[in-house]
Amino acid sequence: MFKRYRIRSYEMGLLFRDGEFRGLIETGTRWFLDPLGKVRVDVVSQRDPWLIHENLDLIVKSGALGDRAVVLDLKDHERALVWIENRFSHLLPSGLYVFWTGQKHVRVEVVDSRNVRLEHNELKVIARSPTARCVLDVCTIERDRVGVLFIDGQYIDTLAPGLYAFWKGQSEAKVVEIDLREMMVDVGGQDIMTADKVTLRLNAVVTYRIVDARKVVSQTDDVRQALYRETQLVLRAVIGARELDSFLTDKDAVARNIEDSVGRRAGELGLEIASVGIRDVILPGDMKDLMNKVTEARKAAEANLITRREETAAMRSQANTARLLADNPVLMRLRELEVLEKIASAGKLNIILGEKGLADKVVNLL
């Protein structure tokens with residue numbers, strides 16, 4: 001017939017009679033006469049400040065909690081940030097909550113989730129909370145990137161690298177991350193006909209970087225593919241207007257022309273072209289053989305021309321030498337002595353004298 005309940009210093013008793021909440025029971029021992037079994041006391045610990053109970057609404061409406069607890073009745077557009085002992089504990093969606101204040105210090109901050117983006121000095125701590133996943137969409141924008149923020153399909157802002165959080169359930173927030181580093185597009189295997197009806201295959205490389213993230217996201221669904229298609233069209237227009245020899249002799253000028261044309265369209269897409277280069281030029285097999293023959297004939301003609309120039313120069317030198325020796329007999333004698341000296345140094349010199357006139361000439365020469 002009697003029920004005994006002991007409430008410790010860190011506990012609180014919740015008294016129910018016939019299913020109705022009747023009040024709080026503080027520290028001590030209580031006896032209840034209950035022959036019909038209609039009395040119930042739920043003993044809860046205040047060391048865990050968050051009071052969770054199936055009849056929480058009845059407890060709050062009774063007004064018995066007073067200043068013993070913090071009562072949160074969050075509307076649909078409200079969220080609560082809860083600190084316990086100056087450490088972040090909970091992030092709460094709309095609903096009814098009670099936190100005891102007797103054992104631990106509880107601090108609550110109520111925020112309006114209609115402002116979809118959560119901005120807070122302790123956002124990193126809040127985002128790491130297990131309860132944050134239920135009410136927040138958290139995203140991190142890495143370095144060398146930016147995020148384009150859309151809320152309900154409308155552009156809002158371009159976000160710098162960092163941590164961002166958005167409330168769930170109020171509006172649809174979407175962040176498109178864009179890489180600002182230099183990137184390349186390979187335009188390979190392009191079969192193009194020149195102005196003189198020669199078909200060649202070439203590979204080009206376009207180096208670009210993003211300068212307007214909003215345009216990149218809004219103007220096209222795939223900026224790399226758009227740049228690839230634009231470069232294809234420009235290559236066909238520029239090279240198709242030139243003859244093969246003109247293209248091969250001045251590929252740098254062709255690349256600059258392509259860069260200017262592609263750059264105008266890239267600016268509309270939010271891009272900046274750093275460079276355009278023609279990497280490989282592949283000619284058909286028969287055209288390659290013909291080009292090799294032309295090159296071989298050109299080189300042979302150049303070699304023949306050089307040989308003729310050398311022969312002409314040598315003959316001109318010999319003629320000048322002969323003219324000089326004819327005008328100066330002493331030089332002729334010196335030349336003859338040089339020849340004899342070379343012959344004598346090379347081996348044994350035998351002089352055979354025959355007719356008197358020849359002997360006299362040799363003696364006179366020596």
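Annotation for the stretch 77-123 versus the stretch 199-269: alpha-carbon center distance of 54 Å. Here the Gaussian network model covers the chain, with springs between Cα atoms less than 10 Å apart; of 115, 257, 304, 304 fluctuates the most.
For the stretch 39-123, a/c is not less than 1.5, where a ≥ b ≥ c are the root eigenvalues of the C-alpha gyration tensor, and a/b does not top b/c. That puts it in the oblate class. Pick out, from 129, 249, 267, the residue whose Cα sits farthest towards the positive end of the charge dipole of the chain, with +1 on the Cβ of Lys and Arg and -1 on the Cβ of Asp and Glu. Of the candidates, 129 comes out farthest on the positive side. Going by neighbour counts of Cβ atoms within 10 Å, the residues 202, 325 line up, fewest first, as 325, 202.
Under a model in which nothing but the beta-carbon of Lys, Arg (+1) and Asp, Glu (-1) is charged, the stretch 113-180 shows a dipole of about 280 debye around its Cα centre. Taking Cα centre as origin and charging only the Cβ of basic (Lys, Arg, +1) and acidic (Asp, Glu, -1) residues, the dipole magnitude of the chain rounds to 940 debye.
Going from the fewest other Cβ atoms within 10 Å to the most, the residues 12, 193 appear in the order 193, 12.
Think of the stretch 143-192 as a dipole: +1 on every Lys or Arg Cβ, -1 on every Asp or Glu Cβ, centred on the Cα centre; then among 180, 155, 166, 166 lies furthest on the positive end. Relative to the Cα centre, the charge distribution of the stretch 1-158, modelled as +1 at Lys and Arg Cβ and -1 at Asp and Glu Cβ, gives a dipole magnitude of about 800 debye.
Every read-out reported here was derived from the displayed coordinates using simple, explicitly stated rules and does not represent laboratory data. Keep in mind the model is a prediction, meaning the values are calculated, not measured. Don't worry about glycine lacking a Cβ; one is built from the backbone with ideal geometry, like all the others, and counts go over all protein chains shown.
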